[in-house]
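A quick write-up on the structure given underneath.
The values are calculated or read from the model by the stated rules, or taken from the named source; none is laboratory data. The structure displayed is predicted, hence computed values, not measured ones. Here the Cβ is made from the backbone with ideal geometry for all residues, glycine too, and neighbour counts use every protein chain on show. Just the protein is used for accessible areas: all its heavy atoms, side chains included, with ligands, DNA and RNA removed. Shrake-Rupley method; radii C 1.70, N 1.55, O 1.52, S 1.80 Å.
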Amino acid sequence: MPTPLNIDFPALIKDHVERYLATNGEDGYLWDAKLGGGKGVVPTLLLTTSGRKSGRALTLPLIFGTSGRNHIAVASKGGAPAHPSWYLNLEANPDVGVQVKADKFKARARTATGDERAALWRLMVEIYGPYDEYQTRTQRQIPVVVLEPR
C-alpha cells in the first residue's frame with residue numbers, strides 16, 4: 001500500500017505520518033488532543049487516498065472510532081466552509097488504504113446519512129468533543145465517513 005506524504009501538509013502532520021509509518025503506529029497511534037482543543041489522547045489511523053486531480057497517493061492521520069468492523073472518521077477541517085481535500089478525493093475514488101497501528105488494509109469509503117450519521121456523529125463527539133463546535137462554525141453538514149474493510 002503506498003504511503004507517500006503530501007508535501008503541502010504542515011510540518012506537524014508530516015511528522016505525525018512519518019513517525020506512525022516508521023514505528024507501525026507505536027509512535028503516532030495515540031495523539032494528544034489538547035493540540036487541537038480536545039482533552040486527553042485519541043486514536044488515529046492513517047488514511048491513503050488517491051488525489052482526484054493528481055492521481056498521487058496522499059496519506060494523512062485522522063482521529064477515528066469504530067462501529068463493528070468499520071472505522072469511522074469525520075471530515076471536519078476544523079469547521080471550515082469547504083470539505084477537506086481528503087474527503088473530496090474519496091468522493092472521487094472511494095477505494096482507500098487504511099493503517100491502524102501495524103494493521104494495513106484496503107477499505108471502501110462512504111458517507112453516513114440519516115440515523116446512521118446521527119449515531120456515528122455522537123460516537124465521534126464522545127471521542128473528540130470539538131467536532132460539535134466545528135459544526136457550529138460552518139453551514140455545511142460535516143461528513144461522517146465510514147471505512148468498510150474489503
### Message
Can you pull out every residue in the range 12-28 that is of a type in the set (Asp, Glu) and either assigned to a loop (DSSP other than H, G, I, E, B) or on the phi > 0 side of the Ramachandran plot (or both)?
### Response
26, 27
### Task
Give 57, 11 a once-over and let me know the one that is in contact with a Gly (Cβ under 8 Å, 6 or more places away or on another chain) and of a type in the set (A, V, I, L, M, F, W, C).
57
### Task
Answer yes or no: is there a residue in the range 111-118 that is in contact with a Pro (Cβ under 9 Å, 6 or more places away or on another chain), open to solvent by 50 Å² or more (accessible area, probe 1.4 Å), more than 23 Å from residue 28 (Cβ to Cβ) and in contact (Cβ under 8 Å) with a residue 24 or more places away in the chain.
yes
### Task
Could you please let me know if residue 65 is closer than 15 Å to residue 140 by Cα, touching a helix residue (DSSP H, G or I) at 6+ places or on another chain (Cβ under 8 Å) and open to solvent by less than 70 Å² (accessible area, probe 1.4 Å)?
no
### Message
So in the range 43-56, with the set limited to residues that are of a type in the set (Gly, Ala, Ser) and closer than 13 Å to residue 85 by Cβ, which one is most open to solvent (accessible area, probe 1.4 Å)?
### Response
54
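Determine whether residue 102 is without any contact (Cβ under 8 Å) to a residue 12 or more places away in the chain, surrounded by fewer than 17 Cβ atoms within 10 Å (Cβ to Cβ) and hydrophobic (A, V, I, L, M, F, W, C). Can you show your working first?
On the way: without any contact (Cβ under 8 Å) to a residue 12 or more places away in the chain: no; surrounded by fewer than 17 Cβ atoms within 10 Å (Cβ to Cβ): yes; hydrophobic (A, V, I, L, M, F, W, C): yes.
No; evaluated as a whole, the condition is false for this residue.
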### Message
So for the range 9-23 (the condition being farther than 22 Å from residue 85 by Cα and either buried (at least 18 other Cβ atoms within 10 Å of the Cβ) or touching a strand residue (DSSP E or B) at 6+ places or on another chain (Cβ under 9 Å) (or both)), does at least one residue qualify?
### Response
no
